[in-house]
Each structure stands twice: as structure tokens, then as C-alpha cells.
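The values are calculated or read from the model by the stated rules, or taken from the named source; none is laboratory data. This is a predicted model, so every value here is computed, not measured. Glycine also receives a Cβ, built like all others from the backbone with ideal geometry; neighbour counts cover every protein chain displayed.
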DNA sequence: GAGCACTGC
């Protein structure tokens, strides 16, 4: 049927106005505050109810009630007869908790552990906890888990849950995974970067080790592809236990998904049907609630106001990853009687967290994706249509506790004809420098021949190898150098590892260690929306080191340390406490590795120029040159690049001739994020394959020292002094550096 | 004068 009536929408409102209409409507009219106040009381009630359920059924009875129990013996038979099996286990089948236990009961743990990988840390932890309860043992004994910063296993452990990244690291130490008798790769259909690398590696391990069982779980739509990849291995189906979800498509394409979502949510709310609503939006910007206070109330989408006023209360709850965790927790609290929850989420609610009681899903059909462009070395963060697999996953969120409905704000024809069946796997749209380094260290000779399920673009691979060569991780033949081998030890991007390694000789390793840790954690600064926005910016300026964002970060950490790592101090200075704690954890982990690798910790004290030079030593390939007031051009591509407004260098009178950047991201413009001023001389000294010093028209030729893989890129590496591009102004300096890249 | 989906070692 017709879900929405577009014809009445004539006014041309801006995006922002639409957002504000969304929340002014929902948020204010439905007395959200009243609703929220009642939450606390009802939490207690809910807890009592769930413990009541636990009493009714024993753990064993609960295990036997799962769909997977009915096919237990068949499943074990097929695993016994095959080294690799694809298991299609739908939601609610019990595969994640039961498969490991079945293998244990069938004797596989007598000669090794049963390992089970998860794409997320919380999942690894919570599933391990559940299984240890079912096996009546203490967590960390028979059943344990391992995630970054936390190894909760012991010599007794026979069932080990872990993130896929952990298993990948373990395969570095022990390439045949001799400690395992079976490995289950759970949620493999999510195709994380680590999953895809493990696919290729584990397939080889199984071919070497006939006693190892590999079980890969998949969604229905990928199962044939998975089975084919591993050599036409059998597929085993386990039915799920979910409720039916009615899918309703929009009859006409929606111009504005925010407005359409508001209308749909209101329609559901006024229809009298019971149940909570979950709305999927592409980004934080669409969800952020606070900004709506500053906006004006707009007439509501042709709804009659008296209808709205008489409607029951509705609690609108935002959820996205950057939201502070105390606010995130609200979505799990039960709403009081008579209050309906309306959760507005990014795709964090698609897989990462599950809310019970959702009966209605409203799906805008978009998500944000980061896509890497290897040619210019830039990430683009953009809104894309979701895939059919995403859409089905989202719809499924309405059928967890009862029959549900899913309203798709796009047409059936768009779903069928315009959406991809599955999202492009991460390995095809990300910077591969890390993957390349890892595979090289595992002794993979020719990376272009590595057995990937979906091989990444060749250009991307070559570019990553080239970047590693620049950093001195690969030699002229493309083989790993001692520096490269050392870099693998660190759980960091290659350039950051390199920075840490060179910092020791430069006498500033303790300082660089802090900077690297700060860069490994997203969003240190918390920037509340109105009204304290200026306040937070002012506080931030207090940390500012005019010539460097990196040093600004160092400054923040040192001050936090001086204030005894206080969370109150963080709150006062608009800094994410959670992020800072993670910085500290990362620092401790990296420090351990440095000690292990005999890299001394030394501080340069107050001589911060040394630190800038050290940063330059690892990032000289990401440099920009001043061109006009406050304008920079990328030295590799000649592309204009902008200082990000949050940078310490932004809008200040100080405009250095050369800067290096940590990251280049295309959003509304090409922005350099996290920059540091450097000397031109340093660039020539530390990046001789890129830059040469030009003395009165004479140039120094760079010899061909590139590995064979990079023949296509050799031209890019040469410094060709081009007199045409050298002009007066800021070039009238003692030294001139010009970089020329052969355009395609 | 912008604003960042989500993971992981």
C-alpha cells in the first residue's frame, strides 16, 4: 500500500530544517523528559522479571530448546567427514554458544583447543561468559576468551573465544595454529578485514594439517560463494528461531529520508499498534538531538496537531558510537507503561548491539562508508545506499521478540535493481599497508597471487607495497627488511610503527609513544552541541601548540597525567574520558612491546623540535606546501588540501611553508587532519627519494632503487625538478623542493 | 569555519 503521500510536500526546506522538524516534533510534543524519569523505576522491575525466567528453566533445558540441538548429531557427522564445513546458522539458532560445546563433547578438545572467532570484542567476552556458565565452570578456566589488552584464558582452557584479530596475531607466532584442533569463524559473512585475511591463511593451514577442522559460518546468500572458495565444501543449514517480519516498501522514491522517517514514525505511533520503533539513519548528524533545541518548531508534516497532543508519550533515544556510554545505556532501559520507545540509530544497531522489544523498523536505506582511493592516498567518507544484505539484517531487528513490521523508505524496484546484494567487503575499499606487511612477514611471496575470496584492486596492493618501501619496510626486491620485521610486532599502521622505531635513535621515544597512542584512538575531544560549543573550543585552545596538532595531543596527555589521570579533569576540559583511558592502555601495550624489542624509552624533555623531526621521518610522504595565504597543495599530487578547522594551525597567523599530515579525508573538502609544521631541509634529509635540494637550478638525480613490483610507480618516486612550477614568493628561500608526480 | 559509519591488533 501507499506508505507515504508525497504530493503534499511542496515546500523546499533545507536539510537542517528537516532534521529539526524530526525532533522538535517527536521530542517536545511527546514529553520525552517525563518518560525518561520513569525509566529508573522500571529497570528494577525488568531485572526481577528476567531472573524469574532463569529460575523456570535450567541451563540444560535452555540448551536443548535451541534449534541447533535437533541437528546436533548430523552436524557432528558432517564435521567428522570433512575438514572444512560452511554452516548457515540463522539468528537464534544457537550456533555461537553450542558449536564449540558440541565439538568439546565429541572429543576434539583432547588434542587441542576449540577456537571461535568473533568480529567484536564484546561478543567474544559475553559469549564466553555464557558458555562457561552452561559448562558450569569459571570463566577463564575451561572456557576463556582473548581480546586486545585482555587474555582471560589459562592452561586448562579448551574452548577459547577471541576476536579475529587475535587469531591473526597468533598465526604470526605459530603459523600452523598447532594449539587448535578446530577453529570456528563466526559471523564470517560480515567480512571484516581480518576475516578475509584469515580465510586465505586458514585454508592453507588446513591443507597442511589434516587434523584441523575449520567451520565457517555464513549467511544464506553467501553460502555458495564461501563453499566454492574453500573447494566445494559442504554447506550445513541450521534453522533459526525468529518471528515473521512484514516488509513494506515505499511506493514512490523519497526525496528526503529524514522527513519520510518522521512521517512514518508518527504514523506508526498514532496507529495504536504496540511496540517500540527503531529508525536507521546514515550518520550522527541526522541523529544528534541537542541541536534541535536551537531550531524552531516547524509545522508537522501535515499531521493534525490535536492528534499529536492527544497521543501517548514517545521517548526518542539516539544511539551512535560516539555517544557517551551513559547515554548509550538508555536505549536498553525498559520504557514505562504507556510510553513507546523510538530509537534513532546508525548502523551500530545493525550488528553491534541488539535491543529487545523492537516491533517496527524504519529503514532510510543509507549508511556511511569510508572508501580509500589509493592513487591519491585519501579516504572519502560518504553516504551510500545500503546493500540488500544490510536491508535484510535491519528488517530482522523487528522480529526478535515477536512478529514485526519493517518500513523501507525506498521502492521495491530500488531494492531489487539498484542495491548491491552484499556490501563491498572492507578489503576492497581500505588502505592495505597493514595487510601487506602482515602477509609479507608470514612469508607470502607474491601477494598478487594470494588466495583472497575477493581480491583487492591491484592498484591498491601495489600502492601499499610502495608505501612500505618508502618507509624502509621492504627492500628493492620487495622482501621484508629488518625494520619491516620490527614494524610487524606493533599493532599499528606502518607509518606509526616506523615513527616509534626511529624515535629511539632520535632521543624522543617516550614522547612519540604518547603521540602514537593518542593517534590510535578516535576523537579525544568531545564537542557538545549547543550551547557550550564555544566554551569547548576555548578550552581546547588552551592545549594548542601552534606549530603542531601532534604536539597538542602530547600536551593533552601530559596535562592529564599531571592531573592524576582524572576523569573529572577530562569532563572539565571537554575530553572523552573513555578515549583517554584507552590511550593509556594502548600506551602500556606498546611500551611492553618496545621493552621486548629492546627499544629504549627516552624523552627529549622540552626540545619539541626533535619530536617534529621524528614525525617528519615517518610522514614525509604525506606533505603539503604553502601556496598563498592559508592554502596548501599536496606535494605528491599537486592537489589543493585544506587545514581542518579543528587543527591548531587553522586560522592562526602562523603559516609554515611545509607541513606533514597524518590523514587526508574527503568530506565537504579535502581536509588534512592532524598536521605538523616541518622544515624543508628535514624533508630532503629524511625523504631523499621524494625530495632533493635545489641549488640555483642544479639538481641531484635519484637513482633507481625501487623494487620490481613498483615499476609502474617508479616515475612517481622520482624528483624531477621542474623549473616552470618554481615561482617567486615563498619559493624565494634558500632551499626549494619540488615534487613532480606523473599524472595518468 | 567543520562535524566522523563501524570494527580490530
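Residue A:94 is checked against (1) modelled with pLDDT under 95; (2) over 33 Å from the mean Cα position of the chain (by Cα); (3) within 25 Å of residue A:160 (Cβ to Cβ) and fails just one. What number does that condition carry?
(2)
Among A:240, A:231, which is the only one that is touching a strand residue (DSSP E or B) at 6+ places or on another chain (Cβ under 8 Å) and within 22 Å of residue A:66 (Cα to Cα)? Even if it seems obvious, please write down each step before you answer.
Numbers: A:231 fails: within 22 Å of residue A:66 (Cα to Cα).
Sole residue among the options that is touching a strand residue (DSSP E or B) at 6+ places or on another chain (Cβ under 8 Å) and within 22 Å of residue A:66 (Cα to Cα): A:240.
Looking only at segment A:651-673, filter to residues that are part of a loop (DSSP other than H, G, I, E, B) and closer than 26 Å to residue A:521 by Cβ; which one of those is farthest from DNA strand B (Cβ to nearest atom)?
If we filter segment A:651-673 for residues that are part of a loop (DSSP other than H, G, I, E, B), which is where we start, we get A:651-657, A:667-669.
Narrowing the set further to residues that are closer than 26 Å to residue A:521 by Cβ leaves A:651-652, A:667-669.
Numbers: A:651: 7, A:652: 12, A:667: 3, A:668: 4, A:669: 6 Å.
That would be A:652.
So which residues in segment A:306-320 are at pLDDT 80 or above and either part of a loop (DSSP other than H, G, I, E, B) or within 12 Å of DNA strand B (Cβ to nearest atom) (or both), if there are any at all?
Those that are at pLDDT 80 or above and either part of a loop (DSSP other than H, G, I, E, B) or within 12 Å of DNA strand B (Cβ to nearest atom) (or both): A:318, A:319, A:320.
Name every residue in segment A:410-422 that is farther than 9 Å from residue A:388 by Cα and either assigned by TED's automatic domain parsing to the domain that holds residue A:221 or assigned to a helix (DSSP H, G or I) (or both), in order of residue number.
From segment A:410-422, those farther than 9 Å from residue A:388 by Cα are A:410-414, A:417-418; that's our starting set.
Within segment A:410-422, A:412, A:413, A:414, A:417, A:418 qualify.
So, restricting to strands (runs of 3 or more DSSP E) that lie completely within segment A:101-171, which ones have at least 3 residues that are touching a strand residue (DSSP E or B) at 6+ places or on another chain (Cβ under 8 Å) and without any contact (Cβ under 8 Å) to a residue 40 or more places away in the chain?
A:143-147
Go through segment A:634-650 and give me each residue that's crowded, with 18+ Cβ neighbours inside 10 Å and either within 16 Å of DNA strand B (Cβ to nearest atom) or at pLDDT 85 or above (or both).
A:634, A:641, A:643, A:644, A:647, A:648, A:649
Just to be sure I understand, how many residues within segment A:447-506 are farther than 27 Å from residue A:583 by Cα, more than 16 Å from DNA strand B (Cβ to nearest atom) and in a helix (DSSP H, G or I)?
Residues that pass the stated criteria total 13.
Residue under question is residue A:335, and the condition is that it be surrounded by 15 or more Cβ atoms within 10 Å (Cβ to Cβ) and either at pLDDT 80 or above or more than 13 Å from DNA strand B (Cβ to nearest atom) (or both); does it hold?
Yes, satisfied.
If we only count strands (runs of 3 or more DSSP E) wholly inside segment A:176-242, which ones have 3 or more residues that are more than 16 Å from DNA strand B (Cβ to nearest atom), under 22 Å from residue A:165 (Cβ atoms) and within 30 Å of the chain's Cα centre (by Cα)? Walk me through it before giving the result.
Details: elements: A:180-185, A:213-218, A:235-238.
Hits in segment A:176-242: A:180-185, A:213-218.
Residue by residue through segment A:113-132, note down the ones that are away from DNA strand B (no atom under 16 Å from the Cβ) and within 24 Å of residue A:196 (Cα to Cα). Even if it seems obvious, please write down each step before you answer.
Looking only at segment A:113-132, we keep the residues that are away from DNA strand B (no atom under 16 Å from the Cβ), and these are A:113-114, A:130-132.
A:113, A:114, listed by residue number.
Tell me, which residue of segment A:577-587 that is touching a residue at least 60 places away in the same chain (Cβ under 8 Å) and either within 12 Å of residue A:560 (Cβ to Cβ) or more than 13 Å from DNA strand B (Cβ to nearest atom) (or both) is surrounded by the fewest Cβ atoms within 10 Å (Cβ to Cβ)?
A:584
Mind checking whether some residue in segment A:367-380 is part of a loop (DSSP other than H, G, I, E, B), under 18 Å from residue A:400 (Cα atoms) and either assigned by TED's automatic domain parsing to the domain that holds residue A:419 or touching a residue at least 24 places away in the same chain (Cβ under 8 Å) (or both)?
Looking for residues that are part of a loop (DSSP other than H, G, I, E, B), under 18 Å from residue A:400 (Cα atoms) and either assigned by TED's automatic domain parsing to the domain that holds residue A:419 or touching a residue at least 24 places away in the same chain (Cβ under 8 Å) (or both), one finds none in segment A:367-380, hence no.
Answer yes or no as to whether residue A:529 is more than 10 Å from DNA strand B (Cβ to nearest atom), modelled with pLDDT under 90 and farther than 23 Å from residue A:504 by Cα.
On the way: more than 10 Å from DNA strand B (Cβ to nearest atom): no; modelled with pLDDT under 90: yes; farther than 23 Å from residue A:504 by Cα: yes.
It is false that residue A:529 is more than 10 Å from DNA strand B (Cβ to nearest atom), modelled with pLDDT under 90 and farther than 23 Å from residue A:504 by Cα.
List pairs: first in segment A:175-202 and assigned by TED's automatic domain parsing to the domain that holds residue A:350 and more than 20 Å from residue A:127 (Cβ to Cβ), second within 16 Å of DNA strand B (Cβ to nearest atom) and in a strand (DSSP E or B), Cβ under 9 Å, 6+ apart or cross-chain?
Cβ pairs passing all conditions: none.
Kindly provide the set of residues from segment A:381-409 that are assigned to a loop (DSSP other than H, G, I, E, B) and within 20 Å of the chain's Cα centre (by Cα), ordered by number.
A:386, A:387
Looking only at segment A:199-210, which residues are over 17 Å from residue A:118 (Cα atoms) and touching a strand residue (DSSP E or B) at 6+ places or on another chain (Cβ under 7 Å)?
The answer is A:206, and nothing else.
Which of the residues belonging to segment A:266-303 are assigned to a loop (DSSP other than H, G, I, E, B), modelled with pLDDT of 50 or more and out of contact with any helix residue (DSSP H, G or I) (no Cβ under 6 Å at 6 or more places or on another chain)? Write out each step before concluding.
The initial filter retains those residues of segment A:266-303 that are assigned to a loop (DSSP other than H, G, I, E, B), namely A:271-275, A:281-283, A:288-289, A:294-303.
After this cut, where a residue has to be modelled with pLDDT of 50 or more as well, the list is A:271-275, A:281-283, A:288.
Within segment A:266-303, A:271, A:272, A:273, A:274, A:275, A:282, A:283, A:288 qualify.
Any chance segment A:159-167 includes a residue that's closer than 25 Å to residue A:490 by Cα, away from DNA strand B (no atom under 16 Å from the Cβ) and buried (at least 16 other Cβ atoms within 10 Å of the Cβ)? Steps first, please.
Of all residues in segment A:159-167, those closer than 25 Å to residue A:490 by Cα come to A:160-167.
Adding the requirement that they be away from DNA strand B (no atom under 16 Å from the Cβ) leaves none.
No: segment A:159-167 contains no residue that is closer than 25 Å to residue A:490 by Cα, away from DNA strand B (no atom under 16 Å from the Cβ) and buried (at least 16 other Cβ atoms within 10 Å of the Cβ).
Please go through segment A:428-442 and pick out each residue that is part of a helix (DSSP H, G or I), under 20 Å from residue A:473 (Cβ atoms) and within 22 Å of the chain's Cα centre (by Cα).
Correct list: A:433, A:434, A:435, A:436, A:437, A:438, A:439.
So residue A:352 ticks every box in (1) part of a loop (DSSP other than H, G, I, E, B); (2) more than 12 Å from DNA strand B (Cβ to nearest atom) but one. Which box is left unticked?
(2)
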